[in-house]
Structures are given as structure tokens and as C-alpha cells.
Amino acid sequence: MSFTEEAESWRSKAHLGGARLPVLVGVTAIAALVLVFAGKALFDAASADAFVVEREGQEQAEGAQAEGEGEGAGEARTVVVHVGGAVAEPGVRELAEGSRVQDAVEASGGFAEGAASDALNLARVLADGEQVVVPTLEEVAGSQDGGSSTTEAGSSPGAASGGKVNINRASVAELDELPGVGPSTAEKIVADREANGPFSTIEDLKRVSGIGDKKYEDLADLVCVG
């Protein structure tokens, strides 16, 4: 091969190589762009999935919290009261918070025969742990006339020999006349014996709310059972 022919051959190869180089560069650039866009798409998709999962977790947590609050709000509060006196079924009653005296009486079977229903404020809201005592018409009448009601023999129903007061028979008015015993304690004594039966001994007075050792000592020589 002559020098001229060899030179032409090298020029031809150089020309072809120069033509391929831009093509290769372009293909490489396009491939790089494709990879970049594909990576960005994958990243966006992963971020979206993570956001959805996180949002669902938040919604579930909020739903559980709301459900717990709803259950707490739905729990009904109650009060416990002792109903005694002239009712059909004396005893301890559990009622909804906000209940009134009328509700306590109805829960105890209603008024008994001879009950002085007007002596109570039936619309009063009950407090937890309190005692509701329904007096009889006889007890109210005795209280209004100063306890002057007497038996056929001319003595008070609760009077006993020696001038002592029979705590198993005395009315609220008669018990109220004892020293240190006001209307409230007198009503509790009557309610206790009606709910739990007659007092066996005078010491049973200590089971009545409001009568402690000191008050019992003051009453011991003034009362009796029978």
C-alpha cells in the first residue's frame, strides 16, 4: 500500500470515529436522564406510600382515643342512699347521679300506708351516702302538737315505766325531746328500727349514724327497749 493510500485509510477511520463519539455521548446522556427520572419516580412513590401509612396510623390512633373518650363519657355515675321510714321496702338503693328524693321513694316501692309524703321535698337532688326518712302522718301530727298524742291509758306510746323512752315504740317527736337528739337523729332512729328490726339493747343505738359513745352515755339512763 502506498503512503497516499495509507493516509486516506487513516483519515477515513478518524472520520468514522468522530461520527460515533457524539452518538455515544448522546445515548449516555439520555440513559442518565432516564435513570434520574426513574429514581425520582420511585422516591416519590415511596414517600407517598409512607405518608399514607403514617396518616392511616394517625387516624387509627385518633379513632381509638375518641372511642375511649366515648366509653368514658358513657359510664353512668351513681349515688347510694339509705331510704327508711314509711316506704314499702326500706333499704339501701343505688340510683343514677342527679336522682331526686321522689326517685329514691319509688325505688323503695313507693310510700307506705300512712306516709306523710308532703313532709319531704320530693324534688330535692340526692347526695351520695345520705339517708332519706319518710315520716308517718302520726309522727308529723305528734311533732306539730308538741308530742301530746297519747294512748288510751293516757300515756305516750313511747313512754315506759320510770319515765324512760322506749326506743322501739317512741315516735320521732318523742325521741326529739331527748337531750342531744334533734329531729334528724330522731328520724334516723325510727328509720333504723324499721329497716333492721327492733333494738335488742339500748347499746344498739350506737349503730345509728350520729350517735357516738358520748351521746350514748347521755341517753343510756333515759331510754329502754321493750
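For a quick check of your reading: which strands (runs of 3 or more DSSP E) sit entirely within the stretch 64-138 and have at least 3 residues that are modelled with pLDDT of 90 or more and surrounded by fewer than 15 Cβ atoms within 10 Å (Cβ to Cβ)?
Because the criterion is at least 3 residues that are modelled with pLDDT of 90 or more and surrounded by fewer than 15 Cβ atoms within 10 Å (Cβ to Cβ), the strands (runs of 3 or more DSSP E) in the stretch 64-138 that meet it are 91-96.
In the stretch 148-179, how many are surrounded by 14 or more Cβ atoms within 10 Å (Cβ to Cβ) and at pLDDT below 85?
Kept after step one, since they are surrounded by 14 or more Cβ atoms within 10 Å (Cβ to Cβ), are these residues of the stretch 148-179: 149, 156-160, 164-178.
Narrowing further to those that are at pLDDT below 85: 149, 156-160.
Qualifying residue count for the region: 6.
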Practice problem: For residues that are of a type in the set (Lys, Arg) and touching a strand residue (DSSP E or B) at 6+ places or on another chain (Cβ under 7 Å), scanning just the stretch 76-116, find the one that is nearest to Val140 (Cα to Cα). | Solution: Arg100
Self-check item: The lone exception for Ala186 - which of (1) in contact with a Lys or Arg (Cβ under 7 Å, 6 or more places away or on another chain); (2) assigned to a helix (DSSP H, G or I) it fails
Solution: (1)
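The values are calculated or read from the model by the stated rules, or taken from the named source; none is laboratory data. What you see is a predicted model, and the numbers here were worked out from it, not measured in a lab. Here Cβ is always computed from backbone atoms with ideal geometry, including for glycine, and neighbour counts include all displayed protein chains.
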